[in-house]
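Take a look at the structure below.
The values are calculated or read from the model by the stated rules, or taken from the named source; none is laboratory data. Just so you know, these numbers come straight off a predicted model, no measurement behind them. FYI the Cβ positions are ideal-geometry reconstructions off the backbone, even for glycines, and counts take in every protein chain you see.
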Amino acid sequence: MRSSVRVALAASTVLASLLVTTTGGPAAAAGSSLKVTTIGRNGSVLSGSILQIVDVRTRQPMGGLKESGNSIALPAGQYVVVSDLREADDETLGAAVVTVSGATSVTLDARKGRPVRVSLDAPGLGAQDITEAICVDGAAARVSSDFMGSGPAGHVYAIPNTSSLLRFAYLSRWNGGPSETYAVSGAGVGVPASPGGVHYAKNLATEHVQSNVGPNGGPSQDLSFVPQGSLCQARLQVNTFTNVGWGGPYPYTAHLAAGKWDVRSDEFSQLGGAGAFHGVHDLAAGTSCSQTFYRAGWAPARFLPYMAHGEIRLSVNNMFQDPYTAGFEVGSKTRVTLSRDGKQLATDTVIGNDGDGGPNEFSGSASGAGWYTLDAYAVRYQPGVTYPAGMLSPSTRAVFRFHADPRTAQVAPGGLSRFLIGGLDTYGRAKPNSTTPVGLFMDRADPHNGTPYKADTAKTVQAWYSTDNGKTWHGLPVTHTGSTWSTNVPNPAEAKVSLSAKVTDAAGNSVQTYSNQAYAVR
């Protein structure tokens, strides 16, 4: 296992003792500039230290990353200057709040940096890594960078600053073993004279993580724990890199300081990122929590068709969704067909989550009030990627039937069914000739795109299963208790089992969801 700590610095960092000199009067304001000099802990000038400059008024970064030692043209105004004063063995974060008018210069001196000290009274701790960040308060954009403000204990420093514009955060991680870690975090306004903190084992909570294999489109995953106590803390993360280069399931245990943590798994293919899934847990001291990734039963979720400007639209970015966690899977090709009262109106093939930043959305013109059917069939698709052999849920489908009028903007009625499959092993497999319980969670989410949205409830729920990849389907009895719908699937001796469920409301609107080869029996 390879261990590391990653950090995305927010749009800033801090300064303690800084020297600002300005030459030129108001007449020079039209040609204002800033020159930043950085000095290392040994007193030598550091050339080319990475800088980030943030406009205090707008809280926006001024272009991309810069380098110290250069004269940087800027409009007159107030800025936060961020710098990572990196040396061979030490890392110091520093920033200055600077008013630029004419030719302005500022010096950031790493010798003014104070060591970031973090302690934990747990026994048997391994090597300690510390990560830090200094952020601009209320920044509209927090820009990530490729450099880290982190290192081993005793080699990480921060330059104190009392400015209320700045926020400081730290995260400390200790190895507890091949599949275990300890992590604590803290934050505050400004950068304290003694950055860091004292933590106690009694105030830790335990997070048990299980990463499964089966529906994953990428053959490897890593695991991160991100503190959520403040926006600046959320720039830091413990990244275990637990499963890079190896595609088997694994357990992991993290002992975390009480508070909110985002537990995240990133998935990788031959081309890089293939997906990201996460769950935010509010951990109380002394308690335990669990998180499982990559359970079987991936199917369409979250997004429903909607009527807007006389068109029926559907995002195809969520055709492959883990039924238990939030997140996304990269790579899909969806064939979408729109018809009204049995007459086809439009059809298109849409690529979903391809990294181009576009809406990845189907749209087709409506043709008056009536009953519409939108049929979306998706397959895994990413050019250059070889998907794992035997991958579960290689294709999915959702068929929406709803009444709509192009004169009325609305999110379509109905709800998608998530398949909550129980009794499987970490490879998404059931035992031969067993019975597999399946919960049917009704998913009707507001797209939050301004389209009028109304709640809807299921009147009837039907379910089917197939053991020949959808050639033939067998009906299943569905049990309804309170708000819970469920069924049980009789498994053969060996097969890949596909699942389908149809949810119908009181007005006759319906959504039928399919997860093809949802789980295996062997």
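Being on the phi < 0 side of the Ramachandran plot, modelled with pLDDT of 95 or more and among the polar types (S, T, N, Q) is the filter here; which residues of the range 364-409 pass it?
Within the range 364-409, Ser365, Thr373, Ser395, Thr396, Thr408 qualify.
Could we say that Ile72 is buried (at least 18 other Cβ atoms within 10 Å of the Cβ) and farther than 24 Å from Leu171 by Cα here?
Working: buried (at least 18 other Cβ atoms within 10 Å of the Cβ): yes; farther than 24 Å from Leu171 by Cα: yes.
The answer is yes for Ile72.
Gly273 fails exactly one of the following numbered conditions: (1) farther than 29 Å from Val350 by Cβ; (2) outside any loop (DSSP other than H, G, I, E, B); (3) of a type outside the set (A, V, I, L, M, F, W, C). What is the number of that condition?
Failing condition for Gly273: (1).
Yes or no, residue by residue, for (1) over 28 Å from Tyr157 (Cα atoms); (2) at pLDDT below 95; (3) buried (at least 20 other Cβ atoms within 10 Å of the Cβ); (4) assigned by TED's automatic domain parsing to the domain that holds Leu283:
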residue	(1), (2), (3), (4)
Ser185	no, no, yes, yes
Ala193	no, no, no, yes
Gly196	no, no, yes, yes
Thr206	yes, no, no, yes
Gln221	yes, yes, yes, yes
Val226	no, no, yes, yes
Cys232	no, yes, yes, yes
Gln237	no, yes, yes, yes
Phe241	no, yes, no, yes
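In the range 457-487, what residues are among the charged types (D, E, K, R) and touching a strand residue (DSSP E or B) at 6+ places or on another chain (Cβ under 9 Å)? Give the derivation first.
Of all residues in the range 457-487, those among the charged types (D, E, K, R) come to 459, 468, 471.
Once the filter is applied, which keeps residues that are among the charged types (D, E, K, R) and touching a strand residue (DSSP E or B) at 6+ places or on another chain (Cβ under 9 Å), the range 457-487 yields Lys459, Asp468.
Could you grab me the full set of residues in the range 63-84 that are within 18 Å of Ser44 (Cβ to Cβ) and in contact with a Phe, Trp or Tyr (Cβ under 9 Å, 6 or more places away or on another chain)?
Asp84
Do we have any residue at all in the range 169-192 that's closer than 20 Å to Lys112 by Cβ and not in a strand (DSSP E or B)? Explain how you work it out, then say what you get.
In the first step, residues of the range 169-192 are kept if they are closer than 20 Å to Lys112 by Cβ; the result is 169-170, 188-192.
Next, only the ones that are not in a strand (DSSP E or B) stay: 192.
Within the range 169-192 (the criterion being closer than 20 Å to Lys112 by Cβ and not in a strand (DSSP E or B)), the answer is yes, since at least one residue qualifies.
With the condition kept exactly as written, say whether any residue in the range 438-452 is within 33 Å of the chain's Cα centre (by Cα) and farther than 30 Å from Glu361 by Cα. Lay out the reasoning, then the answer.
Of the residues in the range 438-452, the ones within 33 Å of the chain's Cα centre (by Cα) are 438-452.
Narrowing the set further to residues that are farther than 30 Å from Glu361 by Cα leaves 438.
Scanning the range 438-452, I find at least one residue that is within 33 Å of the chain's Cα centre (by Cα) and farther than 30 Å from Glu361 by Cα, so the answer is yes.
Are there any pairs with C-beta distances below 9 angstrom linking a residue in the range 415-444 that is free of Cβ contacts under 8 Å to residues at least 12 places away in the same chain to a residue that is surrounded by 21 or more Cβ atoms within 10 Å (Cβ to Cβ), with the two at least 6 apart or on different chains, and if so which?
Listed pairs, sorted by first residue: Asp425/Asn212.
In this structure, is Leu420 part of a loop (DSSP other than H, G, I, E, B), among the hydrophobic types (A, V, I, L, M, F, W, C) and out of contact with any Ser or Thr (no Cβ under 6 Å at 6 or more places or on another chain)? It would help to see each step written out before you state the result.
Values: part of a loop (DSSP other than H, G, I, E, B): no; among the hydrophobic types (A, V, I, L, M, F, W, C): yes; out of contact with any Ser or Thr (no Cβ under 6 Å at 6 or more places or on another chain): yes.
The answer is no for Leu420.
Among the residues of the range 399-417, is there at least one that is farther than 22 Å from Leu345 by Cα and surrounded by fewer than 16 Cβ atoms within 10 Å (Cβ to Cβ)?
Taking the range 399-417 first, the residues farther than 22 Å from Leu345 by Cα are 415-417.
With the extra rule that they be surrounded by fewer than 16 Cβ atoms within 10 Å (Cβ to Cβ), the set shrinks to none.
Looking through the range 399-417, none of the residues is farther than 22 Å from Leu345 by Cα and surrounded by fewer than 16 Cβ atoms within 10 Å (Cβ to Cβ).
Would you please name the residue that is modelled with the lowest pLDDT, looking only at residues in the range 161-175 that are more than 17 Å from Val98 (Cβ to Cβ) and of a type outside the set (D, E, K, R)? Give the steps one after another, and end with the answer.
Initially, the range 161-175 is screened for residues more than 17 Å from Val98 (Cβ to Cβ), giving 167-175.
Cutting the leftovers down to of a type outside the set (D, E, K, R) gives us 168-172, 174-175.
On the way: Phe168: 92, Ala169: 92, Tyr170: 94, Leu171: 95, Ser172: 95, Trp174: 95, Asn175: 89.
Among residues in the range 161-175 that are more than 17 Å from Val98 (Cβ to Cβ) and of a type outside the set (D, E, K, R), the one modelled with the lowest pLDDT is Asn175.
Against the definition (touching a strand residue (DSSP E or B) at 6+ places or on another chain (Cβ under 7 Å) and farther than 30 Å from Tyr252 by Cα), how does Arg302 come out, yes or no? Lay out the reasoning, then the answer.
Numbers: touching a strand residue (DSSP E or B) at 6+ places or on another chain (Cβ under 7 Å): yes; farther than 30 Å from Tyr252 by Cα: no.
The answer is no for Arg302.
Which of the residues belonging to the range 193-229 are within 20 Å of the chain's Cα centre (by Cα), of a type in the set (A, V, I, L, M, F, W, C) and outside any strand (DSSP E or B)?
So the first thing to find is which residues in the range 193-229 are within 20 Å of the chain's Cα centre (by Cα), and the list is 207-213, 215-229.
Then drop every residue that is not of a type in the set (A, V, I, L, M, F, W, C), which leaves 209, 213, 223, 225-226.
Correct list: Val213 only.
Please specify each residue of the range 457-487 satisfying the condition of being over 15 Å from Gln512 (Cβ atoms) and buried (at least 16 other Cβ atoms within 10 Å of the Cβ).
Thr467, Ser486, listed by residue number.
Taking only the range 286-345 into account, find how many residues are of a type in the set (Ser, Thr, Tyr) and not in a strand (DSSP E or B).
The first filter runs over the range 286-345 and keeps only residues of a type in the set (Ser, Thr, Tyr), leaving 287-288, 290, 292, 294, 306, 315, 324-325, 332, 334, 337, 339.
When the remaining residues are screened for being not in a strand (DSSP E or B), the result is 287, 294, 324-325.
Total satisfying the criteria: 4.
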